[in-house]
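First comes the structure, then the notes that go with it.
The values are calculated or read from the model by the stated rules, or taken from the named source; none is laboratory data. Predicted model only: the values in this text are computed from it and were never measured. Here the Cβ positions follow ideal geometry from the backbone for every residue, glycine too, while neighbour counts run over all protein chains shown. For the accessible areas, the whole protein counts, side chains as well, though only heavy atoms, and no ligand, DNA or RNA atoms are used. Shrake-Rupley method; radii C 1.70, N 1.55, O 1.52, S 1.80 Å.
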Amino acid sequence: MSAVDPKIEESWKRELADEFRQDYFLGLKKFLQEEKQKGAVIYPPGPLIFNAFNHTPFGKVKVVILGQDPYHGPGQAHGLCFSVQRGVPPPPSLQNMFKELREDVGFRVPDHGNLEKWADQGVFLLNATLTVRAGAAASHAGKGWEQFTAAAVRRLSEKRKGLVFLLWGRHAQAKESLIDVSRHHVLKAAHPSPLSAYNGFFGCRHFSKANKLLEKEGLTPIDWQI
């Protein structure tokens, strides 16, 4: 059985059922099988590819954070954008997110970078591409994942109301066209990467702003402390 057979949380499986039958998705599955046959190491491990979906069911999503590509170093990626497994030092972008959280909401910087606690509260941590070859950034870009994850965002936009989308950097902001801004809240800033964080990520206060918007929608705010 392939790693991309949809072992995915039931509500998402229903919402995305049509995608799994599309030619692009079958092509993606074939590509991943060929990668494995070549002996390529793929991150994250098979059971964690759909981790964002499995932690945050369709009806529980409150906030959407869009990333781009999984981390390609050993033990880092586990299917949640920006998050790393415990025992792995937080990468620079995540460190910058922690700095902004500290200034914005009095966050205490932890000794790990695992964001599962956010995901379990309704923060959908979605990368545009859900797999990568070890050591080769963006090696699985353009193979079909972007179409699949765009379908997930579109479904949220159409069927849910009052969600908060955090779009950091050019790649995430390009996804704004998938979102009905008359039904949802969109907050935009620079990417937290060290290359751009000083161009508008630091000081964006997106974490407190997201919580104010959730409260306005009658929803419980996110406890950002991990």
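Every residue, every condition in (1) crowded, with 17+ Cβ neighbours inside 10 Å; (2) closer than 20 Å to L16 by Cα; (3) among the polar types (S, T, N, Q); (4) touching a residue at least 24 places away in the same chain (Cβ under 8 Å), yes or no:
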residue	(1), (2), (3), (4)
K117	no, no, no, yes
Q121	yes, no, yes, yes
A134	no, no, no, yes
E146	yes, yes, no, no
E158	no, yes, no, no
L166	yes, no, no, yes
G169	yes, no, no, yes
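Does P70 fit the bill of being out of contact with any helix residue (DSSP H, G or I) (no Cβ under 8 Å at 6 or more places or on another chain) and either surrounded by fewer than 17 Cβ atoms within 10 Å (Cβ to Cβ) or of a type in the set (K, R) (or both)? Outline the logic, then answer.
Working: out of contact with any helix residue (DSSP H, G or I) (no Cβ under 8 Å at 6 or more places or on another chain): yes; either surrounded by fewer than 17 Cβ atoms within 10 Å (Cβ to Cβ) or of a type in the set (K, R) (or both): no.
The answer is no for P70.
If I ask for residues that are more than 11 Å from the chain's Cα centre (by Cα), closer than 22 Å to W168 by Cβ and in contact (Cβ under 8 Å) with a residue 24 or more places away in the chain, which ones from the stretch 79-96 would you list? Result: V84, Q85, V88, P89, P92, S93, L94, N96.
G59 satisfies every condition listed in (1) among the small types (G, A, S); (2) more than 14 Å from T129 (Cα to Cα); (3) open to solvent by less than 50 Å² (accessible area, probe 1.4 Å); (4) not in a loop (DSSP other than H, G, I, E, B) except (3). Checked across the stretch 214-221, the condition of being touching a Ser or Thr at 6+ places or on another chain (Cβ under 7 Å) and β-branched (V, I, T) holds for no residue.
Filtering the stretch 74-101 to residues that are assigned to a loop (DSSP other than H, G, I, E, B), surrounded by fewer than 17 Cβ atoms within 10 Å (Cβ to Cβ) and touching a Pro at 6+ places or on another chain (Cβ under 7 Å) leaves nothing.
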